[in-house]
Every structure is written in C-alpha cells, then in structure tokens.
Amino acid sequence: MINLTHAGAPFLAAFLASLVEFVEALTIVLAVGTVRGWRPALIGAFLGGALLIVLVLALSPLLSRVPITLLQVTIGVLLLLFGMRWLRKAALRAAGVIALHDEAASFATEARLLGEAKSSRGTWDPVALITSLKAVFLEGMEVVFIVIATGAAANALVPASLGASAALLIVVVLGLIIHRPLARVPENTLKFSVGVLLSAFGVFWFGEGAGFQWPGGDLILLALIVAFLVVGLVSAGLARRIVNPAPYYSTPGE
C-alpha cells in the first residue's frame with residue numbers, strides 16, 4: 001500500500017476540513033471576547049475543548065472492537081453523505097444560488113446578539129461561557145468525526161490528527177495576532193475541496209469494506225477525486241446558468 005491513502009490524503013482532508021471548522025469557532029469566540037469579555041470567552045473555549053478530549057478518550061477504545069470491514073462500510077457511507085452535503089452547498093454558493101458565508105458578517109451578527117443578551121458580566125458570565133463553549137464543542141465535534149472517519153478506516157489516525165492539529169495551530173496563532181475574524185480565508189473554496197475529498201474517500205472506503213477490488217489499488221482514489229471535482233464544477237456551472245441565463249436575442253422575422 002502506498003502512502004497516498006495512509007498518510008497524505010487523510011492529513012490533507014483533516015487539515016482542510018478542520019481549518020474551516022476552527023475558523024468558524026474562532027469567529028464566535030472572538031465575538032464573545034470582544035462584547036462580553038475575554039476571560040469568560042477563553043474559559044468557555046477551554047471547557048469546550050476539554051469536553052471534546054474526554055469524549056474522544058472515552059470513545060476511541062471502541063474503534064478497535066469494530067471489524068475493519070464494517071468500519072469501512074459505515075464510515076464510507078457517512079463520509080459520502082457528509083462530503084456530498086459540503087460539495088452541494090459549495091457548488092450552490094459558487095453559482096450564486098446561496099450567499100457566500102461571510103465571517104465578518106457572522107462576527108457582527110454574533111456580537112449584536114451577545115450585546116443584546118441580558119446577563120451578569122464578569123468571569124462567570126453564563127451567556128459568554130455557554131456561547132463560547134458551544135461554539136468550540138460543536139465545531140470540534142465535526143473535526144473529531146472527520147479525523148476519525150478519514151483516519152480510522154485507513155489505519156491513519158496519526159496523520160489525520162496531525163492535519164487537524166496543524167489547522168488548529170494556524171487558526172489559534174492568527175487569532176492571537178490579528179484579533180479579528182479570518183474573513184479573507186477562501187472558505188467556500190476550502191469547503192468545495194473538502195467536499196470533493198470526503199466524497200472520494202467515502203466511495204473508496206465503502207468499496208473496500210464491501211470487498212470490491214479497486215483497479216490500481218490506492219491510486220484509484222486520485223481518479224475518484226478528479227471525478228467528484230468534475231461533478232462539482234459542472235454542477236456549479238449548470239446552477240449558475242439557471243440563476244443567470246444567457247440573454248435571448250430574437251432573429252429578424254421572429
């Protein structure tokens with residue numbers, strides 16, 4: 001088996017997906033810190049991260065008890081559903097059917113809602129704590145799922161975990177430096193890429209678990225990635241034509 005599936009691909013998929021989720025979590029934490037205070041925002045974020053760690057430590061031993069073929073089939077289906085959802089939304093956003101996600105606008109909305117919330121301010125401000133905790137925990141749950149899904153079936157949890165950790169480090173460092181939402185991150189492009197990768201992984205692992213012998217072995221994953229990339233680009237192009245049809249010019253005599 002080559003390193004494409006066992007190291008590089010899980011690392012890249014986990015890195016890109018985690019980057020998107022961590023940017024969204026950072027936006028909310030920054031809004032909480034700006035409006036309600038940094039101490040409760042950081043405490044909430046820390047508690048959310050701690051809950052994720054406890055959950056991962058509690059559930060990770062169960063993975064070794066699941067037969068590898070059942071794990072591959074189950075994860076394959078989940079990855080395909082998850083990836084196609086990301087790819088569909090990214091294609092519709094690229095076509096202009098759905099508005100692009102704006103981190104600056106999300107920050108402004110979250111800050112307004114936090115400012116309107118009536119609650120005691122201070123270290124243990126419950127609104128700030130719960131908002132920050134929920135953001136980190138929920139976005140982190142998606143990261144955990146992606147890391148497990150892309151790493152467990154390929155016995156590559158370490159590369160997938162390293163990819164997620166690298167994304168977390170980048171987002172945290174940038175957040176500490178600029179103290180503003182990472183609005184310039186090409187989020188829709190990242191989601192499009194992640195949708196392609198997860199969808200390709202889903203089909204690949206489902207086939208592996210079902211006993212299908214892929215021609216070319218792991219190299220078929222490249223073909224699956226290209227196939228889903230083409231499907232996504234073509235879908236975005238068709239949707240763009242439906243939303244903005246070409247003008248109709250009548251010929252003389254019509």
Single residue of the stretch 184-230 satisfying the filter (acidic (D, E) and under 18 Å from G151 (Cβ atoms)) that is modelled with the lowest pLDDT = D218
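Please pick out the residue among L129, L138 that is in a helix (DSSP H, G or I), over 26 Å from F201 (Cβ atoms) and at pLDDT 85 or above.
The unique qualifying residue is L129.
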Does the stretch 111-125 contain at least one residue that is charged (D, E, K, R), modelled with pLDDT under 75 and either surrounded by 21 or more Cβ atoms within 10 Å (Cβ to Cβ) or assigned to a helix (DSSP H, G or I) (or both)?
-> yes
The listed residue being within 19 Å of S165 (Cβ to Cβ), surrounded by fewer than 16 Cβ atoms within 10 Å (Cβ to Cβ) and touching a residue at least 12 places away in the same chain (Cβ under 8 Å), out of L57, L51, L81 = L51
Subset of the stretch 85-100 (residues that are on the phi < 0 side of the Ramachandran plot and either among the β-branched types (V, I, T) or surrounded by fewer than 18 Cβ atoms within 10 Å (Cβ to Cβ) (or both)) = R85, R88, K89, V97, I98, A99, L100
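The values are calculated or read from the model by the stated rules, or taken from the named source; none is laboratory data. Keep in mind it's a predicted model, so treat the numbers as computed, not measured. Here Cβ is always computed from backbone atoms with ideal geometry, including for glycine, and neighbour counts include all displayed protein chains.
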